[in-house]
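To start, the structure under review is shown below, and the notes come after it.
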Amino acid sequence: MPSTWYDAVVVGAGFGGLATALELTRRGARVALCESLNYPGGCASTFQRGGHAFESGATLFSGFEPHQLFGRWIRELALPITVDGLDPVVELRTSTARLPVYRNRERFIETLCALPDAPAPAVRRLFALQAQVAGALWPLFDDPTLLPPLDLRALLRHAGRALQYPPLLRWLGRPLGAVLEHLGLTTFAPLRTYLDALCQITVQCSAAEAEAPFALAAMDYYWRGTGHVRGGIGQLARALAGAVEAQGGTVLLANRVKAVTPVAGGWSVSARRGELRTRHVVANVLPRSLSRLLDVPLETMPRLDRLSRRVESGWGAAMRYLVVRTPDGADGQAHHLELVEDPSAPFIEGNHLFMSISGEADTGRAPPGHRTVTVSTHVPLTTLSALPVEAQRGYMEHIQARMDQGLRQLAPEWLEGQTHAMTASPRTYQRFTQRDAGAVGGVPRRAGLENYRHLGPFHVREGLWLVGDSVFPGQSTLATSVGGVRTAASITSRS
């Protein structure tokens, strides 16, 4: 092939695209990474507005232990990244209680067991089961070679771990709610509130609906190398983009891809800066966005169409971006709060808020003595799309009003010194992240064996791949990155 051809063009510099591009370049491939925005990271980016720097989405990030993926990259590639540990990692607040989630797992469990009327033996049985499931599944994130595509070495390692997998089998296709019922924990309100909040931001549905093995593994999220990237998660995204270039790849920011077309020998990628020819295209976009790039109706691609419908059964993001004066007595660390106004109502539409607050060490994000705050809540995409355009504005105004109410009721110390505020609907969020319809979180992992239908890289057609939070393992910055690593391995094995 002519020397102007690439081995792979990656469309979208979210973490799935960044990981794919980085791993391909480390394997010697000639790679171009195209991104519509002038900064990388996608949903996990840090953007500038009015002289302030905001996290695009309110969330926490894991995978920073030395043996985990991000930790290894930081060490092996000498990335200029500082990760601050937090304690508590997050604080759950309702109108009647505050529950800090400590870095020490046992301390947190004992805090739950010490609550009034806590069924302590049942709580400990739940976390014992949860530890078994997490112990079986999290190593797949720590060592992506254990995920498909599997070579002989990986199969032998799985054979050696066979005794760790039986605790999962009983709960395959069943919801976490069934586990709680089995253990007699359905009426312990503090635990239910904690699990509903956790599941909503990880597996993207309530504890009653969530596929049990996924949810039980997600319960370890706060204790698996979770921390705060100093300066914002965008620092890690920029560092990874720099690492792609240092490995010989080409990173093209502000280079929106307009079309992806099959040609003899591979693909043509038409972008703002011109055409790229490549053997493989890796699309770090949602399924519907990929169908538009291909100019092919979704219904003619059944696997992609099914995946798109599952994504569209999920969520958009309503956001608030704030600048506030640091409250008197506040410490210097970053903070993450989960606020629940009514634990008996669905954790969506402003009733449940996730709030990320910058730290003093995040220089350049806010003026001295101030912090930037990102607040998010889930909005059902089906509800929003069913409304006439003129009704959508009123719907979003109602959600924003409820967000404001929840913030003032449950985190008043962070609202008293507010100096700047921006609100965002899913449509606005789409502008900040280039996510189709402002969708977040990928596929809600509601209980069912459908979750295990596609456990490896998503090969759309010859030379065309999909990565991101809609593709297994998906749904977190770490998970999308792990998926990108495995996609790079699949592409390499076919070259």
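Please enumerate the residues belonging to the range 120-130 that are under 16 Å from PRO190 (Cα atoms) and open to solvent by less than 40 Å² (accessible area, probe 1.4 Å).
The answer is ALA120, ALA122, VAL123, LEU126, PHE127.
Does VAL269 qualify as being hydrophobic (A, V, I, L, M, F, W, C), over 18 Å from the mean Cα position of the chain (by Cα) and buried (at least 21 other Cβ atoms within 10 Å of the Cβ)?
yes
Among the residues of the range 371-394, how many are surrounded by 19 or more Cβ atoms within 10 Å (Cβ to Cβ) and in a strand (DSSP E or B)?
So the count comes out to 9.
Please go through the range 470-487 and pick out each residue that is assigned to a loop (DSSP other than H, G, I, E, B) and farther than 15 Å from ALA218 by Cα.
Those that are assigned to a loop (DSSP other than H, G, I, E, B) and farther than 15 Å from ALA218 by Cα: SER470, VAL471.
Check the range 395-413 and report whether any residue there is outside any helix (DSSP H, G or I), in contact with a strand residue (DSSP E or B) (Cβ under 7 Å, 6 or more places away or on another chain) and open to solvent by 10 Å² or more (accessible area, probe 1.4 Å).
For the range 395-413, residues outside any helix (DSSP H, G or I), in contact with a strand residue (DSSP E or B) (Cβ under 7 Å, 6 or more places away or on another chain) and open to solvent by 10 Å² or more (accessible area, probe 1.4 Å): absent.
Within the range 424-448, track down each residue that is in contact with an Asp or Glu (Cβ under 9 Å, 6 or more places away or on another chain) and either farther than 30 Å from LEU37 by Cα or part of a strand (DSSP E or B) (or both).
Looking only at the range 424-448, we keep the residues that are in contact with an Asp or Glu (Cβ under 9 Å, 6 or more places away or on another chain), and these are 430, 434, 437, 439-448.
Passing the criteria: ALA439, VAL440, ARG446, ALA447, GLY448.
Take the residues in the range 143-194 that are touching a Lys or Arg at 6+ places or on another chain (Cβ under 9 Å) and β-branched (Val, Ile, Thr), then tell me which one is nearest to ALA212 (Cα to Cα).
THR186
Of the numbered conditions (1) surrounded by fewer than 22 Cβ atoms within 10 Å (Cβ to Cβ); (2) under 26 Å from the mean Cα position of the chain (by Cα), ALA439 satisfies every one except a single condition; which is it?
(1)
Among the residues of the range 256-267, are any at pLDDT 95 or above and on the phi > 0 side of the Ramachandran plot?
There is at least one residue in the range 256-267 that is at pLDDT 95 or above and on the phi > 0 side of the Ramachandran plot.
What pairs come out if I take residues in the range 408-433 that are more than 29 Å from THR383 (Cα to Cα) and pair them with residues that are modelled with pLDDT of 90 or more and in a helix (DSSP H, G or I) whose C-beta lies under 9 Å away, six or more apart or interchain?
The qualifying pairs are TRP414/LEU407; LEU415/ASP404; LEU415/LEU407; LEU415/ARG408.
Among all residue pairs at least 6 apart or on different chains, which show Cβ distances below 6 Å where the first residue, located in the range 190-218, is in contact (Cβ under 8 Å) with a residue 40 or more places away in the chain and open to solvent by 10 Å² or more (accessible area, probe 1.4 Å) and the second is part of a helix (DSSP H, G or I) and of a type in the set (A, V, I, L, M)?
Qualifying pairs under 6 Å: THR202/ALA218; ALA217/VAL133; ALA217/ALA134; ALA217/LEU137.
Do we have any residue at all in the range 145-159 that's open to solvent by less than 10 Å² (accessible area, probe 1.4 Å), closer than 23 Å to GLY442 by Cβ and modelled with pLDDT of 95 or more?
The answer is no; no qualifying residue exists.
Please determine whether any residue of the range 321-332 is among the small types (Gly, Ala, Ser) and either under 22 Å from the mean Cα position of the chain (by Cα) or closer than 14 Å to LEU466 by Cα (or both). I'd like the intermediate steps shown before the answer.
If we filter the range 321-332 for residues that are among the small types (Gly, Ala, Ser), which is where we start, we get 329-330, 332.
Those left that are additionally either under 22 Å from the mean Cα position of the chain (by Cα) or closer than 14 Å to LEU466 by Cα (or both): none.
For the range 321-332, residues among the small types (Gly, Ala, Ser) and either under 22 Å from the mean Cα position of the chain (by Cα) or closer than 14 Å to LEU466 by Cα (or both): absent.
State yes or no: is GLU338 at pLDDT 95 or above and crowded, with 23+ Cβ neighbours inside 10 Å? So that I can check it myself, show each step before the final result.
On the way: at pLDDT 95 or above: yes; crowded, with 23+ Cβ neighbours inside 10 Å: yes.
The answer is yes for GLU338.
The values are calculated or read from the model by the stated rules, or taken from the named source; none is laboratory data. Note that the structure is predicted; figures quoted are calculated from it, not measured. Reconstructed Cβ throughout: ideal geometry from the backbone, glycine too, with neighbour counts over all protein chains shown. Surface areas here come from the heavy atoms of the whole protein model, side chains and all, with no ligands, DNA or RNA. Shrake-Rupley method; radii C 1.70, N 1.55, O 1.52, S 1.80 Å.
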